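**Student:** Quick one: this structure, given as structure tokens, is what I'll be asking you about.
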Amino acid sequence: MQIDIYEDEIIGKAYDARLMRRLLKFFKPYQNQLALSLILLVAVSILQLSGPYLTKIAIDDHIVKDDWEGLSLIMIIYFVLLLLSFILQYIQIYIMQIIGQKTMYDIRICLFSHIQKMSLSFFNRIPIGRLVTRVVNDVEVLNEMFTQGIVVAVGDLLILIGITIAMLVLNFRLALLTFIVIPPLLYATKIYSDRARDSYRGIRTNLARLNSYLQENVSGMSTVQVFNREDESFRRFEIINRENRDELLRSLIYNAIYFPCIELFSAITIGIIIWYGGGEVIRGGVQLGVLVAFIQYVQRFFQPIRDFAEKYNIMQAAMAASERIFKLIDTPEEIPNPQRPVISD
């Protein structure tokens, strides 16, 4: 099995079960810490959902009834839950960062140990810079996926489910009004994901070409100067660099369109809730605290959706990095060392 020298252009899927199973093997020694982190994540998600409901209780059960003592008790509970949420979130993030660093250490040890066993012909065929990228950059991308990608996505999913349940329990009709914007929002997200995937592929391809060309010219600069090829080399570098810049700008345009769209959907939903819910409050069909809690839940409802779109590129980059890493690990030794070497006298 040989490694393609252009393997930096490998583009991963957003999720690859085969690669994920191999990656999870590196996390097996830390499964207890990982389980604890997930439990803390669930606890933090529940605590973050309690704020709007406590606001509802404070308004409907205490403020409108001029109950100062009850309101003070609710405020104390609210601040205690905020403090508890901060402490648990700190512990959860700290544990995940430790797991990520230890796992990066293990993967790099595995890679370096395998590289040491390769023959000299392997190093003549594969640029050293690409091996350095495998051990350093690609492993760092995997750490970003586990500490900021998967874990955050799980937390966002829990919050999204919790908010949906809370809104349905508080007021079924207001919840249905909120869900009206979901179909166009999902459609916009689908368009953004497709465009972002294509743009990401272009960025990765252009960046790989840029790195390869730069490495080739810097290492062979003496040859370039001897044959007076500086202008031609500069012209080709400028073309590759311009293509890379244009692809990055295209990606920024997609982000500049999509994320304001999320804010627009959020503002429209809140406006509908205030219009309909406010009318129900005036007619006595909905309590004021329920309306205020609904507005707070709606504001938090769109944050996980925004995060999912941002984590999509992280997952795609991590899958591509893991594919390159395992491709290197799976490269067999051309001249393997015998298990029982014969030592001559």
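The values are calculated or read from the model by the stated rules, or taken from the named source; none is laboratory data. Here the structure is a predicted model, which is why all the values come from computation and not from measurement. Note that we place each Cβ from the backbone using ideal geometry, even for glycine, and neighbour counts take in every protein chain shown. For the accessible areas, the whole protein counts, side chains as well, though only heavy atoms, and no ligand, DNA or RNA atoms are used. Shrake-Rupley method; radii C 1.70, N 1.55, O 1.52, S 1.80 Å.
**Student:** I'm trying to understand the selection: among the residues of region 35-45, which are touching a helix residue (DSSP H, G or I) at 6+ places or on another chain (Cβ under 7 Å) and either open to solvent by less than 50 Å² (accessible area, probe 1.4 Å) or without any contact (Cβ under 8 Å) to a residue 40 or more places away in the chain (or both)?
**Tutor:** SER37, LEU40, LEU41, ALA43, VAL44, SER45
**Student:** Identify, from the list LEU71, LEU88, LEU49, LEU83, the residue that is of a type outside the set (Phe, Trp, Tyr) and open to solvent by 70 Å² or more (accessible area, probe 1.4 Å). Even if it seems obvious, please write down each step before you answer.
**Tutor:** On the way: LEU71 fails: open to solvent by 70 Å² or more (accessible area, probe 1.4 Å); LEU88 fails: open to solvent by 70 Å² or more (accessible area, probe 1.4 Å); LEU49 fails: open to solvent by 70 Å² or more (accessible area, probe 1.4 Å).
Going through LEU71, LEU88, LEU49, LEU83 in turn, the sole match is LEU83.
**Student:** Could you check region 223-259 and list, in sequence order, the residues that are more than 16 Å from THR205 (Cα to Cα), in a helix (DSSP H, G or I) and hydrophobic (A, V, I, L, M, F, W, C)?
**Tutor:** VAL224, VAL226, PHE234, LEU252, ILE253, ALA256, ILE257, PHE259
**Student:** Looking only at region 97-105, decide whether some residue is more than 21 Å from ILE161 (Cβ to Cβ), open to solvent by less than 60 Å² (accessible area, probe 1.4 Å), free of Cβ contacts under 8 Å to residues at least 60 places away in the same chain and assigned to a helix (DSSP H, G or I).
**Tutor:** Yes, region 97-105 has at least one match.
**Student:** Kindly indicate whether PHE172 is under 28 Å from LEU288 (Cβ atoms), open to solvent by 90 Å² or more (accessible area, probe 1.4 Å), among the aromatic types (Phe, Trp, Tyr) and without any contact (Cβ under 8 Å) to a residue 40 or more places away in the chain.
**Tutor:** Numbers: under 28 Å from LEU288 (Cβ atoms): yes; open to solvent by 90 Å² or more (accessible area, probe 1.4 Å): yes; among the aromatic types (Phe, Trp, Tyr): yes; without any contact (Cβ under 8 Å) to a residue 40 or more places away in the chain: yes.
Criteria met by PHE172.
**Student:** Would you mind stating whether ARG201 is more than 27 Å from GLY271 (Cα to Cα) and open to solvent by 90 Å² or more (accessible area, probe 1.4 Å)? Before you say what the answer is, go through the steps one by one.
**Tutor:** Details: more than 27 Å from GLY271 (Cα to Cα): yes; open to solvent by 90 Å² or more (accessible area, probe 1.4 Å): yes.
Yes; evaluated as a whole, the condition is true for this residue.
**Student:** On to the next question. Assess whether LEU186 counts as being over 20 Å from GLU310 (Cβ atoms), surrounded by fewer than 18 Cβ atoms within 10 Å (Cβ to Cβ) and without any contact (Cβ under 8 Å) to a residue 24 or more places away in the chain. Write out each step before concluding.
**Tutor:** Values: over 20 Å from GLU310 (Cβ atoms): no; surrounded by fewer than 18 Cβ atoms within 10 Å (Cβ to Cβ): yes; without any contact (Cβ under 8 Å) to a residue 24 or more places away in the chain: yes.
Taking the combined requirement at face value, the residue does not satisfy it.
**Student:** Restricting attention to region 192-210, which residues are touching a residue at least 12 places away in the same chain (Cβ under 8 Å) and either more than 15 Å from ASN244 (Cβ to Cβ) or among the acidic types (Asp, Glu) (or both)? Break it down stepwise before answering.
**Tutor:** Step one: filter region 192-210 for residues touching a residue at least 12 places away in the same chain (Cβ under 8 Å), giving 192-193, 195-197, 199-210.
Hits for region 192-210 are TYR192, SER193, ARG195, ALA196, ARG197.
**Student:** Can you list residue pairs whose Cβ atoms sit under 8 Å apart, with the first residue in region 281-295 being on the phi < 0 side of the Ramachandran plot and the second being surrounded by 15 or more Cβ atoms within 10 Å (Cβ to Cβ) and not in a helix (DSSP H, G or I)? Count only pairs 6 or more apart in sequence or on different chains.
**Tutor:** Matching pairs, first to second residue: VAL281/GLN287; VAL286/ASN171; VAL290/ASN171; PHE294/ASN171.
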